[in-house]
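*Asks:* First, the structure itself, so that you have it in front of you.
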Amino acid sequence: ENPNDFQALKMLGLAQVGTGNIDESIQSFEEAFVINPNDIDLLLQYASAIAANQDGMFYGKSKTLIEKALSLDPQSIQALYFAGIVSAHQSDLDGAIGYWQKALYLMPDNHPDRNIIEEALSTVLNLQVK
C-alpha cells in the first residue's frame with residue numbers, strides 16, 4: 001500500500017466529517033485504518049465519526065478504537081480525553097475523573113483545549129457530590 005493513500009484517506013475522512021458526511025467519513029477512515037491501524041489520530045477521528053452516528057455515544061467499535069489508541073500511547077491527551085468520555089457514558093465517574101486528571105497533568109497550562117477538559121471534570125465532580 002502507498003503511505004500517501006493513508007494520508008489522503010485520513011484527510012478525506014476529516015473533510016467529510018466537516019461537511020456532515022459522516023457515513024462517507026467512516027468509510028474513508030475504515031480504508032485508512034486497514035492501511036495503518038496504529039495511527040492514534042486516525043483511531044480517535046474514526047471513533048468520533050462512529051460515535052456521531054450513535055447519538056454522540058462511544059460504545060462498540062468506537063469504544064474499542066479509543067481503548068486501542070490509549071494502549072498505543074497512554075499519555076496521549078486526546079486519547080485520555082476520549083477515554084474519560086467513554087467512562088462517563090458508562091457511568092464510571094471515577095474512571096472519567098482519573099483519565100481527565102491525568103490529561104490535565106500532562107497538559108501545559110496554556111494548552112488550547114485545557115478548558116474543555118476542566119469543564120468536563122468539573123461537571124463529573126459536581127455529579128459525584130449529588
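*Asks:* Using a Gaussian network model of the chain whose springs link C-alpha atoms within less than 10 Å, name the residue from Pro74, Pro37, Pro108 with the highest mean-square fluctuation.
*Replies:* Most flexible of the set in this elastic network: Pro108.
*Asks:* Also: Report the charge-dipole magnitude of the chain in Debye, nearest 20, computed about the Cα centre from +1 at each Lys and Arg Cβ and -1 at each Asp and Glu Cβ.
*Replies:* Dipole of the chain, to the nearest 20 debye: 340 debye.
*Asks:* If each residue's Cβ is checked for other Cβ atoms within 10 Å, how do Lys68, Lys63 rank with the fewest at the top?
*Replies:* Result, fewest neighbours first: Lys68, Lys63.
*Asks:* May I pose another question? From largest to smallest, what semi-axes in whole angstrom does the chain give when each is the square root of 5 times an eigenvalue of its alpha carbon gyration tensor?
*Replies:* The answer is 27, 16, 13 Å, longest axis first.
*Asks:* Excluding His89 itself, what net charge comes from residues whose Cβ is under 12 Å from its Cβ, given Lys and Arg +1 and Asp and Glu -1?
*Replies:* Details: positive: Lys63; negative: Asp55, Asp92.
With Lys, Arg at +1 and Asp, Glu at -1, the neighbours total -1.
*Asks:* Another question, then. Taking a cut-off of 13 Å between Cα atoms, list the aspartates and glutamates near Lys68, but don't count ones fewer than 8 places away on the same chain.
*Replies:* Candidates past the 8-residue exclusion: Asp39, Asp41.
*Asks:* Provide the net charge surrounding Glu24, with neighbours chosen by a C-beta distance below 12 Å and charges set as Lys +1, Arg +1, Asp -1, Glu -1.
*Replies:* -3
*Asks:* Separate question: First select every other residue whose beta carbon is under 14 angstrom from the beta carbon of Leu104; then total the charges, Lys and Arg +1, Asp and Glu -1.
*Replies:* -2
*Asks:* Tell me which of Gln90, Ser48, Gly60 sits at the most positive position along the dipole axis of the chain, charges placed on C-beta atoms (Lys, Arg +1; Asp, Glu -1).
*Replies:* Towards the positive end, the residue furthest out is Gln90.
*Asks:* Two-decimal Rg/Rh of segment 1-55 from alpha-carbon positions, Kirkwood Rh?
*Replies:* Reported Rg/Rh, Kirkwood definition of Rh: 0.95.
Read-outs: derived from the displayed coordinates by stated rules, not from any lab. These numbers were taken from a predicted model, which means no experiment stands behind them. Positions of Cβ are backbone-derived with ideal geometry, glycine not excepted, and every protein chain shown enters the neighbour counts.
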